[in-house]
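The values are calculated or read from the model by the stated rules, or taken from the named source; none is laboratory data. Keep in mind the model is a prediction, meaning the values are calculated, not measured. Glycine gets a Cβ as well: all are built from the backbone with ideal geometry, and neighbour counts include every protein chain shown.
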Protein chains: 2
Amino acid sequence: MIKTAEHLYIQIAEKLELLIEKEVLKIGDKLPSVRTMSEEQGVSMSTAFQAYYHLESKGLIESRPKSGYYVIFSPRRLPEMPKKCEAVRDACEVSVHEMISTVSQSMSNQEITRFTSAAPPESLLPAAKISKAMIQALRKTPYAGVGYEPVQGNPGLRRQIARHSVLWGGAVSEDDVVTTSGCMDALTLCLSAITQPGDTIALESPSYYGSLQLAESLGLKVLEVPTDPTTGVDLDYLDKAIPRHKIKACLFVTNFTNPLGACMPDKHKQQLVRILEKYEIPLIEDDIYGDMYFGKERPAVCKSFDTSGLVLLCNSFSKSVAPGYRVGWTLPGRYKEKILQMKRNHSISSPSLPGAAIACFLENGRYEHHLRSMRKILHTQYMRHLQAIRDYFPEDCCVTRPQGGFVLWVELDPAVNTYELYELALRQKVSFAPGRIFSLQDRYNNCMRISYSNPWSKQIDDGLKTLGRLIRKLA
Amino acid sequence: MIKTAEHLYIQIAEKLELLIEKEVLKIGDKLPSVRTMSEEQGVSMSTAFQAYYHLESKGLIESRPKSGYYVIFSPRRLPEMPKKCEAVRDACEVSVHEMISTVSQSMSNQEITRFTSAAPPESLLPAAKISKAMIQALRKTPYAGVGYEPVQGNPGLRRQIARHSVLWGGAVSEDDVVTTSGCMDALTLCLSAITQPGDTIALESPSYYGSLQLAESLGLKVLEVPTDPTTGVDLDYLDKAIPRHKIKACLFVTNFTNPLGACMPDKHKQQLVRILEKYEIPLIEDDIYGDMYFGKERPAVCKSFDTSGLVLLCNSFSKSVAPGYRVGWTLPGRYKEKILQMKRNHSISSPSLPGAAIACFLENGRYEHHLRSMRKILHTQYMRHLQAIRDYFPEDCCVTRPQGGFVLWVELDPAVNTYELYELALRQKVSFAPGRIFSLQDRYNNCMRISYSNPWSKQIDDGLKTLGRLIRKLA
């Protein structure tokens with residue numbers, strides 16, 4: 001990485017952030033003036049200013065007119081983390097929840113302050129650059145893309161996906177990649193190819209309701225595996241559960257699970273691959289949030305530890321570039337032929353131009369640049385939302401600390417039913433995802449998923465204030 | 001329809017065509033000179049010329065230098081139509097044929113003279129106009145289409161589909177339409193929504209191998225219904241078979257079946273709807289070839305006789321505008337909510353821009369114009385191929401007379417195995433679809449599907465000559 005002025009201000013900001021985190025700098029402390037900072041650190045005034053702006057946008061400090069910058073954040077006062085959920089006795093037949101379709105409907109209502117969606121708002125996406133890439137694609141693709149592309153997908157796109165695999169520790173060739181219509185389609189193809197109706201699969205718990213519904217539509221049973229809000233799926237439990245419940249496949253989000261935001265440490269990923277090998281069962285690894293990390297490095301994936309082809313890695317460009325383009329992919333390992341057969345049977349091939357446009361976008365190196373700025377914005381928004389929750393929600397609530405992704409998970413007093421809260425909030429034009437929809441069991445009724453994907457604004461601030469008020473009323 | 005000069009030359013050509021068909025004009029007969037024709041018919045010389053060019057392009061007459069135009073076609077000598085296939089005793093578990101994937105692979109090999117594909121070559125598609133529509137769509141769609149579109153599909157596209165429904169006798173609103181990723185995806189969604197693994201469905205026989213494979217991937221059993229090469233599915237047989245075989249749904253191509261090219265008369269369509277109502281079972285009506293008719297009028301669909309919502313009409317723009325765009329749709333009748341649920345679970349929504357582009361293309365009225373010219377070209381190519389088959393294939397072969405679509409079906413001497421023929425032909429760089437892949441039973445081994453979608457050329461002529469020679473060798 002090239003050291004530029006941009007990184008200099010980040011370095012200074014990080015030092016200050018560390019001091020705030022360690023409570024060397026406490027709430028109300030005044031920071032050195034910009035001039036002093038510039039002289040002490042041997043940087044330009046403008047770099048010192050940038051560092052302060054950066055901390056201000058994260059909600060760590062504030063500027064008081066004619067006085068200077070003050071610390072407004074303390075890590076100590078943040079709510080506790082929720083505990084890992086308890087194990088369940090049995091795998092469960094999936095049934096579709098009325099609740100989910102109600103919540104899905106509120107997602108597209110523009111008048112509502114939405115903390116509902118685990119996806120970026122359009123304003124965070126590179127619409128102009130991707131349009132340019134689409135026009136390039138129109139010119140480059142034979143017959144402007146009116147003909148069928150190969151079943152396996154656009155070769156240029158597959159090449160770019162292979163090229164970018166080094167970022168997560170992969171070394172794959174374009175021939176290993178199968179493109180799909182978004183990540184959900186990749187999960188559908190993989191799950192259809194490796195299971196039969198009636199089979200049991202393992203999912204983390206709480207789990208994304210879309211995965212639960214997909215399992216239902218394929219006639220599968222689901223065992224919900226206890227999941228730690230920091231390190232993810234409980235592997236000791238899984239190791240025993242696989243033979244006991246005759247698990248045929250696992251479907252896990254390994255980085256920044258939805259809704260918990262848990263990220264499996266590398267050691268756990270290696271251990272999980274060993275468990276798969278022991279029982280010879282496949283893992284569908286949904287890495288849809290992997291690129292949206294807040295830390296220094298992209299977390300790895302199980303796929304990078306997989307030597308026997310048991311991991312089917314699935315991902316897309318929907319969380320980072322263009323959800324509307326529906327461009328996803330899978331590295332299906334030893335199941336490639338089955339996946340291709342399934343894709344041919346169900347849709348012949350993918351639409352030609354969206355994939356070709358994403359390939360053009362990836363080629364010119366704009367992707368990494370865009371990701372860097374998007375991660376910064378998301379991290380800042382996360383901090384802002386977290387602090388507002390601390391300020392407005394009851395003190396006894398627990399909140400996760402995702403190190404990436406778009407959502408956090410709040411556990412409230414057991415007396416609060418969040419579906420009731422959801423209905424109350426909707427009348428005040430505020431929405432979120434109630435905890436109940438993230439399980440097939442009757443649980444998480446006192447939990448809620450809050451998305452921090454929308455830019456911070458007075459409306460967002462008011463929305464969280466409203467939620468806090470309603471929660472106190474229900475508690 | 002406005003009577004223009006264009007239609008004048010067609011009128012003259014049709015009169016002559018009729019005379020050739022009735023053998024008033026016989027092979028070798030000289031036609032009146034262009035000047036005589038112009039005087040007799042009271043039209044311009046150029047109109048008379050156009051009429052002769054038109055007949056020449058259809059392969060009915062030829063121009064001999066310094067001599068004039070001569071008839072080179074006789075209907076009498078055309079091969080017989082094949083008979084309706086026999087009924088089978090049992091519904092059959094589907095199994096995937098190695099053969100199909102072999103044939104599919106040869107489809108994309110550019111060095112081969114391909115009579116394989118029931119789809120138009122890129123040269124017949126309006127690539128430039130659809131590109132223009134895509135650029136329009138980029139400008140018109142909010143955020144250039146990077147965001148998700150509604151699950152049900154682009155509203156503009158649904159409006160255009162509803163508007164065009166008058167062409168097949170429909171009167172639907174945009175709210176009845178669900179867009180899909182091509183017709184195959186529409187069939188997949190519909191079939192998944194209305195059946196359970198283990199159910200039996202009815203298909204015409206011979207039937208498109210893609211439908212057979214789709215049924216297999218969903219764990220369904222298939223009953224193959226005897227099908228007349230002219231009028232389609234045998235309804236008396238079907239009426240008895242539904243209770244006997246516990247048929248849960250029908251999946252039929254009602255206009256220009258693939259591979260037979262049969263077109264169900266309106267009366268049969270009405271009768272079929274009555275049968276569905278009697279047993280309360282749904283019909284997935286695949287109308288993918290309906291717009292490609294050679295006659296004066298577009299054939300109707302069962303959907304236009306359906307008042308109880310039992311017909312799920314499926315179609316796409318893949319055979320007429322842009323297969324690579326993967327834009328299809330369904331009118332799922334009473335199953336709409338199920339289909340929407342299924343679509344949301346499996347892929348969230350369709351790609352935004354391909355659908356928006358097709359909507360722009362449909363809006364400006366270019367579609368009908370394009371269809372008119374494409375139909376003329378296809379009809380001409382059909383005549384040319386038919387005559388070459390008559391000239392080069394053994395006299396005892398039977399050939400269907402499709403009145404639309406892209407393919408014809410040839411029945412050879414029972415001694416000829418067309419998969420053997422396929423392998424021999426491939427070595428000579430000629431390919432077609434062997435009959436065996438159009439059934440789950442061990443039959444149609446002496447049949448073959450020949451596509452006339454490629455423009456007539458010396459290469460095509462030589463390809464059919466090669467096939468004829470090889471058939472004689474095997475017979």
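When B:Lys30, B:Lys3 are checked against the criterion of being touching a Gly at 6+ places or on another chain (Cβ under 6 Å) and modelled with pLDDT under 90, a single residue qualifies: B:Lys30. If I ask for residues that are closer than 24 Å to A:Thr231 by Cα and either in contact with a helix residue (DSSP H, G or I) (Cβ under 6 Å, 6 or more places away or on another chain) or not basic (Lys, Arg) (or both), which ones from the stretch A:310-329 would you list? Result: A:Leu310, A:Val311, A:Leu312, A:Leu313, A:Cys314, A:Asn315, A:Ser316, A:Ser320. When B:Glu149, B:Glu111 are checked against the criterion of being part of a loop (DSSP other than H, G, I, E, B) and more than 12 Å from chain A (Cβ to nearest Cβ), a single residue qualifies: B:Glu111. With respect to the conditions (1) part of a loop (DSSP other than H, G, I, E, B); (2) over 29 Å from B:Gln196 (Cα atoms), B:Lys267 falls short on a single one, namely (1).
Looking at this structure, is B:Glu420 surrounded by fewer than 20 Cβ atoms within 10 Å (Cβ to Cβ) and either without any contact (Cβ under 8 Å) to a residue 12 or more places away in the chain or outside any loop (DSSP other than H, G, I, E, B) (or both)? Answer is yes for this residue. Does A:Ile12 qualify as being modelled with pLDDT of 80 or more, in contact with a strand residue (DSSP E or B) (Cβ under 7 Å, 6 or more places away or on another chain) and not assigned by TED's automatic domain parsing to the domain that holds A:Val410? Judged against the criteria, A:Ile12 is not a match. Among the residues making up the stretch B:320-335, those that are surrounded by fewer than 24 Cβ atoms within 10 Å (Cβ to Cβ) and either in contact with a Ser or Thr (Cβ under 9 Å, 6 or more places away or on another chain) or part of a loop (DSSP other than H, G, I, E, B) (or both) are B:Ser320, B:Gly333, B:Arg334. All told, A:Thr179 meets the bar of being assigned to a strand (DSSP E or B), in the same structural domain as A:Ala133 (by TED's automatic domain parsing) and farther than 24 Å from A:Asn445 by Cβ. Residues that are among the aromatic types (Phe, Trp, Tyr) and in the same structural domain as A:Asp291 (by TED's automatic domain parsing) within the stretch A:104-149 comprise A:Tyr143, A:Tyr148, listed in sequence order.
Of everything in the stretch A:302-328, what is within 14 Å of another protein chain (Cβ to nearest Cβ) and not aliphatic (A, V, I, L, M)? Give them in sequence order. Listed by number, the residues that qualify are A:Cys314, A:Ser316, A:Phe317, A:Ser318, A:Lys319, A:Ser320, A:Pro323, A:Gly324, A:Tyr325, A:Arg326, A:Gly328.
Scanning the stretch A:171-190 for residues that are more than 10 Å from every other protein chain (Cβ to nearest Cβ) and of a type in the set (A, V, I, L, M) yields A:Ala171, A:Val172, A:Val177, A:Val178.
Number of residues in the stretch B:208-245 that are away from chain A (no Cβ under 14 Å), out of contact with any Cys (no Cβ under 7 Å at 6 or more places or on another chain) and not charged (D, E, K, R) equals 13. The residues listed here are A:Ile288, A:Ile281, A:Ile275; of these, the one that is at pLDDT 95 or above, surrounded by fewer than 24 Cβ atoms within 10 Å (Cβ to Cβ), out of contact with any Gly (no Cβ under 7 Å at 6 or more places or on another chain) and assigned to a loop (DSSP other than H, G, I, E, B) is A:Ile281. The test for being within 14 Å of chain A (Cβ to nearest Cβ), among the hydrophobic types (A, V, I, L, M, F, W, C), on the phi > 0 side of the Ramachandran plot and in a helix (DSSP H, G or I) holds for B:Ala144.
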